[in-house]
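One structure below.
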Amino acid sequence: MGSGLFELRLKSQEGIGQVFYCTLVGRKIIMLHQFVKKADKTPPKELTIANKRMKEWKNADT
């Protein structure tokens, strides 16, 4: 996803679940945002939420 943002895709009967996460110093993995994907492309709103939360975590970690 770029700039330190990663994604997991999980298949289920309800659809494809997508989880955005990042890593921080000290081997921490932070799950930032999850949603059930309904369209082919990831909605920009979902990426915006994940990026905002990642910035908050990285600022708090310094």
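As a test of the formula, what do you get for the chain when each DSSP H run with n ≥ 4 contributes -39,500 (n - 2.57) and the sum is divided by the residue count, at 222 nm and rounded to the nearest 500 deg cm²/dmol?
-10000 deg cm²/dmol
I'd like the orientation of helix 44-61 relative to the chain: the angle between its Cα long axis and the longest Cα principal axis, in ° from 0 to 90, rounded to 10.
With rounding to tens, the tilt is 20 degrees.
In vacuo Debye scattering of the chain, one point per C-alpha: log10 I(q)/I(0) at q = 0.22, 0.28 Å⁻¹?
-0.87, -1.23
Please give the FRET efficiency for Thr48 paired with Lys28, using the beta carbon to beta carbon distance and R0 = 22 Å, rounded to the nearest 0.05.
0.45
If you take every residue apart from Thr42 with its C-beta less than 11 Å away from the C-beta of Thr42, what net charge results, scoring Lys and Arg +1 and Asp and Glu -1?
+2
Please state the charge dipole magnitude for the chain, taken about the Cα centre, from unit charges on C-beta atoms (+1 on K and R, -1 on D and E), reported in debye and rounded to the nearest 20.
That gives a dipole near 40 debye.
Starting with the highest mean, order 31-43, 47-59 by the number of other Cβ atoms within 10 Å, averaged over the residues of each peptide.
Descending packing order for the listed peptides: 47-59, 31-43.
Under 21 Å from the Cα of Lys58, which lysines turn up, not counting those fewer than eight places away in the same chain?
Partners within reach: Lys28, Lys45.
Given a 1.4 Å probe, how much area per residue of the chain is accessible, in Å²?
Here the per-residue accessible area is 78 Å².
The values are calculated or read from the model by the stated rules, or taken from the named source; none is laboratory data. As the structure is a prediction and not an experimental result, all values here were calculated from the model. Using ideal geometry, Cβ is built from the backbone for each residue, glycine included, and neighbour counts are taken over all protein chains shown. The accessibility values were calculated without ligands, DNA or RNA, using every heavy atom of the protein model including side chains. Shrake-Rupley method; radii C 1.70, N 1.55, O 1.52, S 1.80 Å.
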